[in-house]
Amino acid sequence: MNDAATPLPPGAQLLGREWLGFDESGHALIRFQAQLDFTNRHGTIQGGFLAAMLDSATGICALAALTSELTVVTRSLDTRFLKPASVGPIIARARVTERTERDMVVHAELVDAEGIIVADATAQLRILAKK
């Protein structure tokens, strides 16, 4: 899986998504860039942008585990906002936790520049053949 090998979709471009690879524990690592334009009235990143990062991270993690003939769509995204997030880089750590022939469950967390988990999510994904 390498975002650099294919054109990024507009949403991924907006979020500043960059595929970093896998860490030693097998988690997919994806960097996002939280922009000033993503802030709410409190000066922190609005939850919808964090949810979009988590949705993107869980999907990319799932795709990394599949063959090129398959894709996934998100069926549900159970998201928790744990701490306020600031403008700047945010790293997603994602891992497939369950998989059947038709479905996949992926858990992801967003970590800020200080190493604090600011949000996490569990995604239920449907595996589909590419058209």
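Bear in mind that the values in this text are calculations on the coordinates, not laboratory data. For clarity, every value in this text was computed on a predicted model and none was experimentally measured. We place every Cβ from the backbone using ideal geometry, glycine too, and count neighbours over all the protein chains shown.
Size of the dipole of the stretch 25-95 about the Cα centre, Lys and Arg at +1 and Asp and Glu at -1 on the beta carbon, nothing else charged, in debye to 20? Show your work: numbers first, answer last.
Details: 7 positive and 4 negative charges, 55 e Å.
Dipole size: approximately 260 debye.
Taking the longest Cα principal axis of the chain as reference, the axis of helix 47-64 is set at about 30 degrees. From most to least packed by mean Cβ count within 10 Å, the peptides 29-35, 85-91, 125-131 give 29-35, 85-91, 125-131.
Global size of the stretch 37-97: 13.6, 44 Å for Rg and Dmax (C-alpha atoms, Rg to one decimal, Dmax whole). Using alpha-carbon pairs under 8 Å, 6+ residues apart, how would you state the relative contact order of the chain in percent? With pairs under 8 Å counted, the relative contact order is 25 percent. Ordering VAL111, THR79, SER25 by the projection of their Cα atoms onto the charge dipole of the chain, which places +1 on the Cβ of Lys and Arg and -1 on the Cβ of Asp and Glu, puts THR79 at the extreme positive end.
Between GLU98 and GLU18, residue separation times 0.36 nm minus the direct Cα-Cα distance comes to 26.4 nm.
Computed over the stretch 3-129, the Cα gyration tensor eigenvalues convert (square root of 5λ each) into semi-axes of 24, 15, 14 Å, ordered from largest to smallest.
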